[in-house]
Amino acid sequence: MAFATQEDVLAVMEELVPTVFKKFTNWKVDEGPFIRIPYREAMEKYGIDKPDLRNPLIIQDATEIFAGTEFKAFQDKTIKAIVVPNGAAQGRKFFDSMTEFAVEEQGAKGLAWTKIDENNMPQGGIAKFITEDILKGLEEKIGAKIGDSIFFIADKLETAQKIAGQVRIELGNRLDLLEKNVYRFCYIVDFPMYEYNEDEGKVDFNHNPFSMPQGGMEALETKDPLDILAYQYDLVCNGYEMASGAVRNHDPKLMVKAFEIAGYTEKNVEEKFGALYKAFKYGTPPHAGAAPGLDRMVMLIANTQNIREVIA
């Protein structure tokens, strides 16, 4: 869409998508405006940038609660916690199988857990490291209560988030917690423009190098690159990315500056992206859009998890 903002594109999708879904399903369909979740919040609460909102479980930070703990596996780590309401009813076999899932399938160093019994005492797993103060912190800060179980992942921030995200999904499926017969939509917004590439030891693009940075040239010139957000957005439905979009960068000076931060020279830009670089010089209008995956829409409406069943 020419001369369009992010708001224009999101409004069109909010009108289009529920209309299409309602025509072909008798499930409940979310109406616009859809919930908007900033990327960093999505990673904190769901450990993934395509959260399934039918799953009621939320990831919470328990790092401060365990400050000064004697449990070595938690020392100097970021600790993410998932409280499972009424989860204390599960037997030891369930907790062992969840640990096996985290370690063997997700590469976790371990999956700590405990449950709170009817006397408000921690039992099982790492119970011996749950002091009175820690238990109080778990109750007051992350809402744990009698009858609940709590799972913990301790690692560096990004790893802890991602593994906790997969544990959240697995818990939702194994315990049959997902809301039934409903399509839950949300937008993931405010993607970071850049990330730090540890392998190459430099700043790199996070998602889409051709999107417009929020704050324009001023942001590129004055902000820490890792603090710059982009006008990028995804439409997510029931845990699947269903459309991805952005406000596109249409200004050659902005494009060169954006690539310069990621280590490219103007010559590199001209050689690698010559068509865009030249087109922009003729006065490309501001533009924004989104690309919905038609096959994913059909897959969701057909209630299958195998996209190959619907592509043909």
Residue 40 vs. criteria among the charged types (D, E, K, R), open to solvent by 20 Å² or more (accessible area, probe 1.4 Å) and outside any helix (DSSP H, G or I): no
Every residue from region 262-274 that is open to solvent by 40 Å² or more (accessible area, probe 1.4 Å) and within 20 Å of residue 223 (Cα to Cα): 263, 264, 265
Residue within region 227-247 that is in a helix (DSSP H, G or I) and touching a Leu at 6+ places or on another chain (Cβ under 8 Å) present: no
Residue within region 63-70 that is within 30 Å of residue 185 (Cβ to Cβ), of a type in the set (D, E, K, R) and either in a loop (DSSP other than H, G, I, E, B) or modelled with pLDDT of 95 or more (or both) present: no
Among the candidates 137, 143, residue that is surrounded by 17 or more Cβ atoms within 10 Å (Cβ to Cβ) and not charged (D, E, K, R): 137
Pairs, first surrounded by fewer than 22 Cβ atoms within 10 Å (Cβ to Cβ) and at pLDDT 95 or above in region 78-96, second of a type in the set (A, V, I, L, M) and not in a strand (DSSP E or B), C-beta under 6 Å, six or more apart: 78/157; 78/160; 83/142; 83/144
Filtered residues of region 120-179 (kept if aliphatic (A, V, I, L, M) and in a helix (DSSP H, G or I)): 127, 134, 135, 138, 142, 157, 160, 163, 164, 167, 169, 171
Among (1) open to solvent by less than 40 Å² (accessible area, probe 1.4 Å); (2) closer than 22 Å to residue 50 by Cα, the one test that residue 277 misses: (2)
Single residue of region 169-221 satisfying the filter (open to solvent by 10 Å² or more (accessible area, probe 1.4 Å) and among the aromatic types (Phe, Trp, Tyr)) that is farthest from the chain's Cα centre (by Cα): 210
In region 80-90, residue farthest from residue 172 (Cα to Cα) [restricted to those that are in contact with a helix residue (DSSP H, G or I) (Cβ under 7 Å, 6 or more places away or on another chain) and among the hydrophobic types (A, V, I, L, M, F, W, C)]: 81
Output for region 276-312, where each listed residue is of a type in the set (A, V, I, L, M) and closer than 16 Å to residue 211 by Cα: 276, 279, 288, 290, 291
Selection within region 222-273 - farther than 18 Å from residue 8 by Cα, under 25 Å from the mean Cα position of the chain (by Cα) and among the acidic types (Asp, Glu): 224, 227, 241
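The values are calculated or read from the model by the stated rules, or taken from the named source; none is laboratory data. As the structure is a prediction and not an experimental result, all values here were calculated from the model. Every residue, glycine among them, receives a Cβ derived from its backbone with ideal geometry; neighbour counts consider all protein chains shown. Just the protein is used for accessible areas: all its heavy atoms, side chains included, with ligands, DNA and RNA removed. Shrake-Rupley method; radii C 1.70, N 1.55, O 1.52, S 1.80 Å.
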